[in-house]
1. Scanning the stretch 110-128 for residues that are open to solvent by 30 Å² or more (accessible area, probe 1.4 Å) and in contact (Cβ under 8 Å) with a residue 12 or more places away in the chain, which turns out nearest to the ligand (Cβ to nearest atom)?
2. Please state which one of GLY137, GLY143 is more than 20 Å from LEU108 (Cα to Cα) and of a type outside the set (D, E, K, R).
3. Filter the stretch 129-167 down to residues that are open to solvent by 50 Å² or more (accessible area, probe 1.4 Å) and either of a type in the set (Val, Ile, Thr) or closer than 19 Å to GLN70 by Cα (or both), then give me how many there are.
4. Cβ contacts < 6 Å: first residue free of Cβ contacts under 8 Å to residues at least 24 places away in the same chain, restricted to the stretch 152-163; second residue more than 13 Å from the ligand (Cβ to nearest atom) and open to solvent by 10 Å² or more (accessible area, probe 1.4 Å), any location; separation 6+ or different chain. Result?
5. Which condition from (1) within 16 Å of the ligand (Cβ to nearest atom); (2) charged (D, E, K, R); (3) assigned to a strand (DSSP E or B) is the one that ASP104 breaks?
6. For VAL97, are the conditions met, namely being among the β-branched types (Val, Ile, Thr), surrounded by fewer than 21 Cβ atoms within 10 Å (Cβ to Cβ), touching a residue at least 24 places away in the same chain (Cβ under 8 Å) and within 16 Å of the ligand (Cβ to nearest atom)?
7. Is it the case that some residue within the stretch 168-180 is closer than 24 Å to ASN95 by Cβ, without any contact (Cβ under 8 Å) to a residue 60 or more places away in the chain and open to solvent by 60 Å² or more (accessible area, probe 1.4 Å)?
8. What's the number of the condition LEU102 fails, among (1) buried (at least 18 other Cβ atoms within 10 Å of the Cβ); (2) over 12 Å from GLN173 (Cα atoms)?
Amino acid sequence: MAENAAIDTAGAESGAGVRRRDFINIAAVSAAGVGAVAVVYPLISQMSASADVLAESTTEVDIAAVQPGQAIKAVFRKQPVFIRNLTPAEVAAANAVDVTTLRDPQTLQERTKEGHENMLITMGVCTHLGCVPQGAGAGEVKGEFGGYFCPCHGSSYDTAARIRKGPAPKNLQVPEYAFTGTVVKIG
Ligand code: FES
């Protein structure tokens, strides 16, 4: 009997041990479940952009007053944008370039919208290290290729805002945009 009692006691301890382990496992799984919910919720809540963020993601500019030879600066997603109405001579200068000789080969046509080839819209951010090039403001230096000049390290862009000289690797970026009458919506 004593031996049986010992076995029963051992069995009871063993059963209790299993129950304890089950409880620990269940508790661990539950904690993991809570953790997963806690982690997933902020990700989902971040994916639904607020109205403020959506409003900031586009910029609308009426360009009716921008005459040939003039440019204006706008702001798109907190970065400068240059909107430039090219003169016929500036369009001709851009089209006269042999595109195969360019560091970042692109025609003016590829960088503008059909029917609006004179309206060049680019980010005002140098593709070298992000300075704001000169050339969009009245009286600013346009550089030796007549487009934009970055004073930080001397990159020169032509009248299609293509990189022609200096350390910048790429043309000034053309953002997504569309015309509605005289209004351009960027973004
Ligand atoms: Fe423009 Fe370096 S940031 S040339």
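1. Of all residues in the stretch 110-128, those open to solvent by 30 Å² or more (accessible area, probe 1.4 Å) come to 110, 113-118, 125, 127-128.
Those still in the list that are in contact (Cβ under 8 Å) with a residue 12 or more places away in the chain too: 113, 116-118, 125, 127-128.
Details: LYS113: 26, HIS116: 27, GLU117: 26, ASN118: 25, VAL125: 9, THR127: 8, HIS128: 3 Å.
Filtering first and then ranking leaves HIS128.
2. Working: GLY143 fails: more than 20 Å from LEU108 (Cα to Cα).
Answer to the selection: GLY137.
3. Of the residues in the stretch 129-167, the ones open to solvent by 50 Å² or more (accessible area, probe 1.4 Å) are 129, 132, 134, 138-142, 144-145, 149, 151-153, 164-165, 167.
Now drop any that are not either of a type in the set (Val, Ile, Thr) or closer than 19 Å to GLN70 by Cα (or both), which leaves 132, 134, 138-142, 144-145, 149.
Adding up the residues that qualify gives 10.
4. Close Cβ pairs satisfying both conditions: SER156/GLU144; SER156/PHE145.
5. Evaluating ASP104 over (1) within 16 Å of the ligand (Cβ to nearest atom); (2) charged (D, E, K, R); (3) assigned to a strand (DSSP E or B) leaves (3) as the failure.
6. Working: among the β-branched types (Val, Ile, Thr): yes; surrounded by fewer than 21 Cβ atoms within 10 Å (Cβ to Cβ): yes; touching a residue at least 24 places away in the same chain (Cβ under 8 Å): yes; within 16 Å of the ligand (Cβ to nearest atom): no.
So VAL97 does not fit the description; no.
7. yes
8. The one condition LEU102 does not meet is (1).
The values are calculated or read from the model by the stated rules, or taken from the named source; none is laboratory data. These numbers were taken from a predicted model, which means no experiment stands behind them. Because the Cβ atoms are built from the backbone with ideal geometry, glycine has one as well, and the counts that use them run over all protein chains shown. For accessibility, only protein heavy atoms count, side chains too; no ligands or nucleic acids. Shrake-Rupley method; radii C 1.70, N 1.55, O 1.52, S 1.80 Å.
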